[in-house]
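Rule-based calculations on the coordinates, nothing more; no lab input. The shown structure was predicted, so the numbers you read here are calculated from the model rather than taken from an experiment. Cβ placement follows ideal geometry from the backbone for every residue including glycine, while neighbour counts extend to all protein chains displayed.
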Ligand code: GLU
């Protein structure tokens with residue numbers, strides 16, 4: 001249960017970025033949400049984190065728009081903003097968030113081991129992962145696509161398979177699993193992270209890179225004229241916030257924060273500040289799945 005003592009009114013897009021707006025090393029950057037003083041039931045994860053005054057969040061460090069480590073040392077992106085938003089509702093300022101790099105294949109382990117309190121990392125909710133961890137959300141819906149060199153004549157994933165082509169993707173990701181299971185004519189080169197797929201694509205060691213459309217769009221945007229997306233999205237990737245299995249109170253709390261962010265403009269402000277600089281605002285918010 002959340003009982004807000006001090007309701008901070010932050011509504012609408014283009015709201016003032018009030019927190020720690022000075023920027024610079026180690027202050028965690030600014031947030032679209034104000035830090036709230038809330039009272040939580042004793043014994044909950046929320047009460048513990050509030051008491052500790054810090055939270056550890058796993059995110060990507062090599063994905064522009066969602067999670068990219070900036071020169072300041074702090075990561076930036078839509079996932080990072082979602083993390084700051086949740087922290088704010090726990091009374092934790094951006095500078096008191098410890099960011100840990102998680103790659104696709106170690107997310108469940110980091111949550112299970114307690115190395116992180118949350119994973120917010122373009123993390124698709126699915127039944128297989130739900131055996132090991134729980135998910136709040138979804139807070140965003142992506143879809144898998146392929147990215148090729150600007151000069152390539154590959155038109156789609158089906159076309160790539162017909163040519164017996166190859167793709168690079170991240171180990172332990174749903175895109176890897178999907179290609180291996182459903183497109184057996186494509187050779188998969190699995191890397192530790194998507195950023196490691198760019199050089200092999202540039203050097204023609206692979207014909208394409210595959211992952212979610214929004215991740216690939218970040219690479220297209222950052223590497224002017226080098227890459228392009230082809231075909232249509234061919235999966236549904238609902239992004240969730242991963243947490244320890246069985247912590248229903250914490251999951252409910254995060255689901256509340258997500259739903260409130262739809263209503264009070266914080267989701268949209270977080271989007272416009274990050275992914276929204278390149279991508280269109282989605283037409284609707286995903287419905288939170290309180291399973
Ligand atoms: N959303 C997909 C996944 O969770 C691909 C992106 C990623 O690997 O982070 O596996």
Original post:
Packing-wise, with mean Cβ within 10 Å as the measure, how do 101-114, 178-191, 133-146 rank, highest first?
Top reply: 133-146, 101-114, 178-191
**OP:** Measure nothing fancy, just the Cα-based angle from helix 213-222's long axis to the longest principal axis of the chain, in degrees from 0 to 90, nearest 10.
**Re:** 80 degrees
**OP:** Relative to the longest principal axis of the C-alpha atoms of the chain, give the angle of the C-alpha long axis of helix 78-89, reported between 0 and 90° and rounded to the nearest 10°.
**Re:** 10 degrees
Subject >> Shape box of segment 189-237 [Cα atoms, principal axes, largest first, Å] >> reply: 29, 25, 17
Original post:
Got the relative contact order for segment 177-250 handy, in percent, Cα pairs under 8 Å and 6 or more residues apart?
Top reply: 14 percent
Original post:
Can you give the % of DSSP beta bridges in segment 139-253 that are antiparallel, to the nearest 5?
Top reply: 60 percent
**OP:** Take the chain, drop everything but the C-alpha atoms, weight them equally and run the Debye formula without solvent; then report log10 I(q)/I(0) at 0.07, 0.08, 0.12, 0.17 Å⁻¹ to two decimals.
**Re:** -0.26, -0.34, -0.74, -1.39
Subject >> For the chain: relative contact order, % (alpha-carbon pairs under 8 angstrom, 6 or more apart) >> reply: 24 percent
Subject >> Gaussian network model of the chain, springs between alpha carbon atoms under 10 Å - residue of 98, 81, 158 with greatest fluctuation >> reply: 158
**OP:** Mind telling me which of 261, 72, 217 comes out most flexible in a GNM of the chain, alpha-carbon contacts under 10 Å?
**Re:** 72
Original post:
What FRET efficiency comes out for the pair residue 204/residue 259, r = Cβ-Cβ distance, R0 = 35 Å, nearest 0.05?
Top reply: 0.15
Subject >> Over the chain: helical MRE at 222 nm, DSSP H runs n ≥ 4 each giving -39500 (n - 2.57), nearest 500 >> reply: -8000 deg cm²/dmol
**OP:** Can you pull the one-decimal nm distance between simple spin-label points at residue 245 and residue 54, each 7 Å off the Cα toward Cβ?
**Re:** 2.9 nm
Original post:
When 132, 68 are ordered from fewest to most other Cβ atoms inside 10 Å of their Cβ, what list results?
Top reply: 132, 68
**OP:** For residue 222 and residue 149, calculate 0.36 nm times their separation in residues minus their Cα-Cα distance, and state this gained length in nm to one decimal.
**Re:** 24.9 nm
Subject >> Nearest 10 degrees, 0 to 90: helix 248-264 Cα axis against the chain principal axis >> reply: 80 degrees
Original post:
Taking neighbour Cβ counts within 10 Å as the exposure measure, how do 82, 46 sort from fewest upward?
Top reply: 46, 82
Subject >> Prolate/oblate/rounded call for segment 142-225, Cα gyration tensor, a/c under 1.5 rounded >> reply: rounded
Subject >> Cα-based convex hull volume of segment 143-291 per residue, rounded to whole Å³ >> reply: 127 Å³
**OP:** Kindly rank 116-126, 204-214 from highest to lowest mean number of other beta carbons found within 10 Å of each residue.
**Re:** 116-126, 204-214
